Amino acid sequence: MRRYLFAGGLLAAGVLWSVPILGAERSSFLPVERDTLVLEPGKSVACLHRPNVFARTLDLEEKGTHLVDGTDYILDADTGCFTLLVPDSVGAGHRIVATYQALPLTLEGTYRLREDPHHRQAAPANDPSLTQAKPIGFTSASDVSDLDISGSKTFGVEMGNRRDLKLQQSLDLRLTGRVSKDVNLLAILSDQDLPFQPEGNTAELEDLDRILVRLESPRAGASLGDVSLSATGLSFLDLHREVEGFSGNASMGTAKAQGTVARAKGEFASREFFGEEGKQGPYRLTDRTGNTDIVVVAGSEKVWLDGVLQKRGAEEDYTIDYTLGEVTFTSRRVITANSTISVDYQYATGRYQRQIAFAGGEGQLGNFGTLRATYYSEGDNADHPVGGDLTQSEIDLLAAQGDSAQVQCGTRYVGVNQGDYDLIVDAKTGRQIYAFVDGSGDYRVEFVDVGDGKGEYQPRADSTGTRTVYIFVGEGNGGFVPCRDLPPPENRHIADLHWETSGKAGRVLAEGAFSKADGNVLSALDDQNNHGNAFTAGGEATALALGKGFHITPRFNWRHVDEAFESPARLRSAFFGRDWNLTGTEEIRAEDLAEGGASFAFKDKARWTSSIGRLALADTFSALRQEQALNVQTRWVTGNAAWNTVHEDVGFAEGRMKRWGGEVLLGRFRIAPRFRGTHETRERPAGDGERHRDWETALVMPAGNGPFRAELGVGRRLDDSLRTGNDGFTQVRDTERGFGEVEGRWRDLSLLMRYEARGVEVPGGTRERRDTGRLDARHQAVRGAWSALLSMDVGTEGLRQRTKSIVADSTGYFDEFGNYVGPGGGYDVEYGPPGNEVLSGRVDLSSRFRWTPPGEDVKVAPWLRAVAWEAFLSVDESSALPLVEPRYFLNPGSYLDPASTLDGRLSLRQSVDLFPSHRQLGFRMRHEIRESLVRNASAGGDSLVEGNTQKTFVGTLRSNPAPAWDAELEGSLGHRREEVRTSAAPFLQDTDIRSGTLRGGRRLESGRHRGRVSMEGTYSEEVGEGKEARGWILRPKFQWSVNNIGRLEVRGSYTDLVSSTGFTGILGPGASQLIAGWRVDVISEVRIHKGIVVTGVVGSDHPEGLAAVTVGRMEVRGTF
Amino acid sequence: MALSAFLLCLFAGTSVAASPAAPSDTLPTPAPADTSLLWWPNGPLSNPWTPVAALLLPTRDLLVADKAQNRLYLIHGRDTAPVRLPEPSPAPVEWTALSGAPGLAIYALDGPGGKVHQFDFKGNYLGVAVDFDAVALANGLGRVDARGLAVDRSGRAVVTDRQNDRVLLFGPGWSFLGVLGETGSGLGAWRRPTMAAASEKGSFLVVDEGNRRVVLLDAVGSVKTARSTKEVPQGVSALGPELFAIALDDRVDVVNTNLELVASYPVPAGPRCGGASYTTPAVTGTEDLILVGEGCSGRLLELRIRGD
């Protein structure tokens, strides 16, 4: 890595410093600076605006006279300052115009006054406060230079009577701005020793970014940290990578250069597969071995559907879950069994650190076109495998195998007391050692023989004499080592040369690439096939006029790809093979492709394209293909039609493909009819094949004819199959569909409504519905004071459920409803592995409504100003019914139906404020419903169905009888129902929840001093069948602060919550006395300097019957 | 549910007539003096946003929380398509505020969920920074209705609790430091505090929606001053170390650290909205430019101030 960084630095330095070497006279690559300098009377020294001046480029002119170096002035080129030798005869000073060239990077700051741009804005005429606005003055670094330096530093110490001393610190340093006239800098250095709770497996804490440096200028740029590497426009090296490292680029006139040295965030992969009928997703991505347990590098994916690049986004074409590696298509793209899906992506690899080096340059060859050279290297660092260095014995093991080496072992963590070995760490050496503990360990370990004296374990017979176990005997004293998965480290190099020229006659290009790919750099075996090459050439002539509006445009394309050629990028379009009567998912190697054709156009109204081509693969396959395509665009008709055939030759067998189809839109009418149809027949040399017939017709109201764009249509597709040995096609699927779409905006209402109803029938089966839809309606008014949203998604998705059982266990930590309640819960929860994917109907519904009284200048009914309202409803429902019918998703009563729901959640929340702006009196109501229903898959017997419903209503009365006094009374009523059903008698628990709170306080204010004394008392109870808990809490509080100096807060609480035995509600597991005791917290903050604040916190907790806990923390925080 | 339906019917008849907007596809261009106007994103949106929060990153990328679809988007440039950030978990979230964080991180507040989630500058999800339910349980705070979030460079944070009329104060590392204020109208008391902003100098500006004012807290959490507004303040943001922006109904006011008005910029109507423009709580920027959400068009308006 360091080597690459060093090389990258040299590259960047070379690019930057190559400029002055070229500049003995004025260089065409550098800008000519022009400064006007005024020297006051009596002064003879002046400085140009840039240092590092090329002396021979400097021209000083005063009143039309050019000054002479050495005679009229002396220049210090490094600083850019010169001393005038011309006397100031009249005592009026000098006004000199200097033109020169200098190094493009100037690292010295330029200091100048900075005007606050906001002061230029005229104030509203009726706003008197603006006249009092004061200039900001020189109070920050940004006022005197363009480079902002800011940050913070904290130190903290935490201690307590039952814990050790703990130190914490953090640093945040940030530099932003311009370091010279053209160079912008952004540098962030972060060192956060602060804990936070990671979720999922998205990132390891130690891998988080700590540094980011970005330097930009019009001619060059450099980045350190997370960078994107991309090279586009090449046939054999069309790259895009998200990497961590250094990247630099520079441009000088028509020449450009780019270089990157970095560590890859993941390994590149490309997958092509067919969709499943009616399943929008999720479609799981895999690593190279087919393992689905991968994490996809965020933003690295490209998705094609039926050859069209898709956009990510819920409102676009697809969404992706990076942590699970799952792609799901939106209702805009309906997935069928014939949909071709192709995905390029990077996934986090658990093999080796992978290093990347990239260099590229591009230059103009005068009239001979453009030449572009690119080099890319990607390789595993065998010295840094993930999970620990390779031992010599492991290196020998890999070296003895070739490129296909794959050492897989069963050494795994298998759970507590599930294995025969424990992993212990030698206190002296830190070495990890597997110790045999016979059935009471956490690891299963396999050992591999590496030869006497090369290992560290020796075999022994166990105490029964029936098994062989391995004992650690020290490095070099044994003949065995623990076996672990050893993927071979690999590397790949590719160099590409691309030439292209274009002129009046047309455009011609040629490209060649050479690759070297070693599947195991530790082994010399199998290295004879590491080198490969690929070439391509193409051209297209400028349209030739044939007279009477006719034009002809000939073109050709040729490509040869060696069998051993390896590229880290996609070489062919998605499902390339489908165009040649292949399946499209096969790996294509040793390719020879030749294509040629011509387009005949008539006045931009019609274009006929005719082409013919031949594809040969490794002397085993060849195919001839012809295609005729017609495009028409007139006032009346817009349409296209295509016909193509493929004749395939594989040894003694032949195959063929025929495809024809077209689409016509009669656009003369306000509501335009549209027709589309395709017919495709494939017969493969093996005797199998398929046939598709698809037609669709629709009425289209295009955008521009009204506020909405709309389309309504029907279609049908028939899929037939030809089996080997049969003479005719037999039907395998009949799909009928009807669809409608409305999208647009009218006044403040925007609407998107799309629905496609699909019925799929297979011979011998019933017709199944696979519907997709989306509804999105929004309304906003009264300057946003009112806003409403209703959105709904309908689709069919794959769902993987886990089996779950709640089993009685006296030492369990769960209650009978599966809630974690701590020791003594009486039950345990057992989960099974994720089950097979099943298609399930899915509905997502959400709605939000909000009303807030707007400003006085907005006209609304006066009584509306006395109300503020906010509501939120969300339903997320997966149904066991693959059929998603309108009556189902439009009827909320059918949601969370135990008969069909697999996983459903409903959440409703609304609050209403009465008199929201009234100062003396206010009333607030809050209403919440949370409901969930989960049907857990069962491995054998009945499924476990869990239901939970909680409803709460809270009313709060608030009052400020006087500005200094406040009081509040709050009452809450709620009900919770928990239910668990199995084949046995169901568990059922109903609980009523009630609470009341009274709080009040008095404010104290005097000059810069402010304070408040307050008290709060709460009584609450939960009562269920045979279970109950009740209690009260008192909370006194005192606050005092002095503006800009500090504040003090003392708060206490006294709690007495009591429950009868067996209650397992929100208060905790069953215990006769849950919580009782008192607690005091003291918080103080003092500002000891302009940017330095000291914070002290002390908390003392005295639970009844338990030892007291006291914790204190002191922290110093400085910002600059 | 019934209450929702009732009020929905109630408002349906009264709210439509407020802003008759003439449909128009053209981007409005007349700019106030000394500013230029740009719309984010530049290309067409298949669904208009309701930007509820925005955050301009040091890398000049823009993070937007969209309330309409409840999603986070990262925009690498005005002309590039917004990139949707991954959802933190299968559980639904509702983004209500965004804030910078120490180092190369961003905080996003899921107010109803009571959690602050953390992302990096590239939009990668890093985890949960703090769970307010756990904080409330440990400190006897009851239910927290977190609405606004502001974090300064040292990690000191202010979280507004809208339903309970109070402001929660946290130290670096989300150590709980106390509760500021109660229901009321005096200085230091709140009525529905909503959005908040942190300056680089460690002070915080908080919107007190019910009292129609913004309140400035100094670096130790005590109230320094307040500024009353005629309209309901929608959102606030720090503009560098010395200035704050306040999004009001149809304009953005710029104030200094004494909350004195420095400049005022009208927010023109967005695409297809005629004259019916209004700001959303999404406001962010620097000394030289201000980005503010425009609710009617569902986009962000960039006010580029022609300074030096």
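Tabulated data
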{"item": "Considering residues of segment B:173-193 that are farther than 19 Å from B:A136 by Cβ and in contact with a strand residue (DSSP E or B) (Cβ under 6 Å, 6 or more places away or on another chain) only, the residue surrounded by the fewest Cβ atoms within 10 Å (Cβ to Cβ)", "result": "B:L187"}
{"item": "Single match in A:R758, A:R745, A:R774, A:R754 (criterion: touching a Pro at 6+ places or on another chain (Cβ under 7 Å) and not in a loop (DSSP other than H, G, I, E, B))", "result": "A:R745"}
{"item": "Filter result (touching a Lys or Arg at 6+ places or on another chain (Cβ under 9 Å) and among the polar types (S, T, N, Q)) within segment A:55-75", "result": "A:T57"}
{"item": "Selection count, segment A:776-799, where residues are open to solvent by 20 Å² or more (accessible area, probe 1.4 Å) and away from every other protein chain (no Cβ under 12 Å)", "result": "1"}
{"item": "Test set (1) open to solvent by 50 Å² or more (accessible area, probe 1.4 Å); (2) under 30 Å from B:E209 (Cα atoms); (3) touching a Pro at 6+ places or on another chain (Cβ under 7 Å) - A:R802 fails condition number", "result": "(2)"}
{"item": "Every residue from segment A:732-752 that is open to solvent by 70 Å² or more (accessible area, probe 1.4 Å) and at pLDDT below 90", "result": "A:W746, A:R747"}
{"item": "Checklist (1) at pLDDT below 90; (2) within 30 Å of A:R1002 (Cβ to Cβ); (3) open to solvent by less than 30 Å² (accessible area, probe 1.4 Å) applied to A:W965, failing item", "result": "(3)"}
{"item": "Unmet requirement for A:G825, which otherwise passes all of (1) of a type outside the set (S, T, N, Q); (2) facing chain B (nearest Cβ under 8 Å); (3) not in a strand (DSSP E or B)", "result": "(2)"}
{"item": "Cβ pairs under 8 Å, 6+ apart, first in segment A:1088-1104 and more than 10 Å from chain B (Cβ to nearest Cβ) and open to solvent by less than 50 Å² (accessible area, probe 1.4 Å), second hydrophobic (A, V, I, L, M, F, W, C) and not in a strand (DSSP E or B)", "result": "A:S1100/A:A1108"}
{"item": "Neighbours by Cβ (under 7 Å, 6+ apart or cross-chain): first from segment A:135-159, in a strand (DSSP E or B); second at pLDDT 50 or above and of a type in the set (F, W, Y)", "result": "A:S150/A:F1120; A:G151/A:F1120"}
{"item": "Members of segment A:440-452 found to be more than 17 Å from A:L423 (Cα to Cα) and at pLDDT 80 or above, listed by number", "result": "A:D452"}
{"item": "When residues of segment B:253-270 are limited to those that are under 20 Å from A:W786 (Cα atoms) and out of contact with any Cys (no Cβ under 8 Å at 6 or more places or on another chain), the one modelled with the highest pLDDT", "result": "B:V267"}
{"item": "Residue within segment B:76-86 that is more than 9 Å from chain A (Cβ to nearest Cβ), surrounded by fewer than 23 Cβ atoms within 10 Å (Cβ to Cβ) and hydrophobic (A, V, I, L, M, F, W, C) present", "result": "no"}
{"item": "Selection within segment A:311-353 - over 30 Å from A:T678 (Cα atoms), more than 9 Å from chain B (Cβ to nearest Cβ) and of a type in the set (D, E, K, R)", "result": "A:E326, A:R351"}
{"item": "Conditions (1) touching a residue at least 24 places away in the same chain (Cβ under 8 Å); (2) more than 19 Å from B:D61 (Cα to Cα); number of the one not met by B:G140", "result": "(1)"}
{"item": "Subset of segment B:113-127 (residues that are under 23 Å from A:R930 (Cα atoms) and surrounded by fewer than 20 Cβ atoms within 10 Å (Cβ to Cβ))", "result": "B:G114"}
{"item": "Complete set of residues in segment A:709-731 that are buried (at least 17 other Cβ atoms within 10 Å of the Cβ) and within 37 Å of the chain's Cα centre (by Cα)", "result": "A:A710, A:E711, A:G713, A:G715, A:R717"}
{"item": "Test: B:V215 is in contact with a Leu (Cβ under 9 Å, 6 or more places away or on another chain) and closer than 30 Å to A:V1097 by Cα", "result": "yes"}
{"item": "Considering residues of segment A:580-602 that are among the hydroxyl-bearing types (S, T, Y) and out of contact with any Asp or Glu (no Cβ under 9 Å at 6 or more places or on another chain) only, the residue most open to solvent (accessible area, probe 1.4 Å)", "result": "A:T583"}
{"item": "Residue in segment A:175-202 that is surrounded by the fewest Cβ atoms within 10 Å (Cβ to Cβ), counting only those that are at pLDDT 80 or above and at the interface with chain B (Cβ under 7 Å from one of its Cβ atoms)", "result": "A:L186"}
{"item": "In segment B:214-237, residue farthest from the other protein chains (Cβ to nearest Cβ) [restricted to those that are open to solvent by less than 20 Å² (accessible area, probe 1.4 Å) and under 17 Å from B:P281 (Cα atoms)]", "result": "B:V236"}
{"item": "Tally of residues being open to solvent by less than 60 Å² (accessible area, probe 1.4 Å) and under 43 Å from the mean Cα position of the chain (by Cα) across segment A:1074-1087", "result": "5"}
{"item": "Residue pairs meeting the criteria (Cβ under 6 Å; at least 6 apart or on separate chains; first among the basic types (K, R), in segment A:330-345; second crowded, with 19+ Cβ neighbours inside 10 Å and not in a loop (DSSP other than H, G, I, E, B))", "result": "A:R333/A:L305"}
{"item": "Filtered residue count, segment A:850-859, keeping only those that are open to solvent by 30 Å² or more (accessible area, probe 1.4 Å) and facing chain B (nearest Cβ under 7 Å)", "result": "1"}
{"item": "All positions within segment A:1031-1046 that are surrounded by 18 or more Cβ atoms within 10 Å (Cβ to Cβ) and more than 10 Å from every other protein chain (Cβ to nearest Cβ)", "result": "A:G1031"}
{"item": "Wholly enclosed strands (runs of 3 or more DSSP E) of segment A:499-599 bearing at least 3 residues among the aliphatic types (A, V, I, L, M) and within 30 Å of A:V632 (Cα to Cα)", "result": "A:544-547"}
{"item": "Answer residue from segment A:1006-1016, given it is out of contact with any Lys or Arg (no Cβ under 9 Å at 6 or more places or on another chain) and either among the aliphatic types (A, V, I, L, M) or part of a strand (DSSP E or B) (or both) and is nearest to B:L217 (Cα to Cα) among those", "result": "A:H1009"}
{"item": "Looking only at segment A:693-708, and only at residues there that are within 19 Å of A:R758 (Cβ to Cβ), out of contact with any Pro (no Cβ under 9 Å at 6 or more places or on another chain) and surrounded by 17 or more Cβ atoms within 10 Å (Cβ to Cβ), the one that is nearest to the other protein chains (Cβ to nearest Cβ)", "result": "A:E696"}
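Each row is one residue, and each column tells you yes or no for (1) assigned to a strand (DSSP E or B); (2) modelled with pLDDT of 90 or more.
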position: A:G893; (1), (2): no, no
position: A:L896; (1), (2): no, no
position: A:A899; (1), (2): no, no
position: A:D903; (1), (2): yes, no
position: A:H918; (1), (2): no, no
position: A:R924; (1), (2): yes, no
position: A:I929; (1), (2): yes, yes
position: A:P961; (1), (2): yes, no
position: A:H975; (1), (2): yes, yes
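The values are calculated or read from the model by the stated rules, or taken from the named source; none is laboratory data. Because the structure is predicted, anything quoted here is derived from the model rather than measured. Methodologically, a virtual Cβ is constructed for each residue, glycine included, from the backbone with ideal geometry; neighbour enumeration extends over all protein chains shown. We work out accessible area using only protein heavy atoms, side chains counted, and drop any ligands, DNA or RNA first. Shrake-Rupley method; radii C 1.70, N 1.55, O 1.52, S 1.80 Å.
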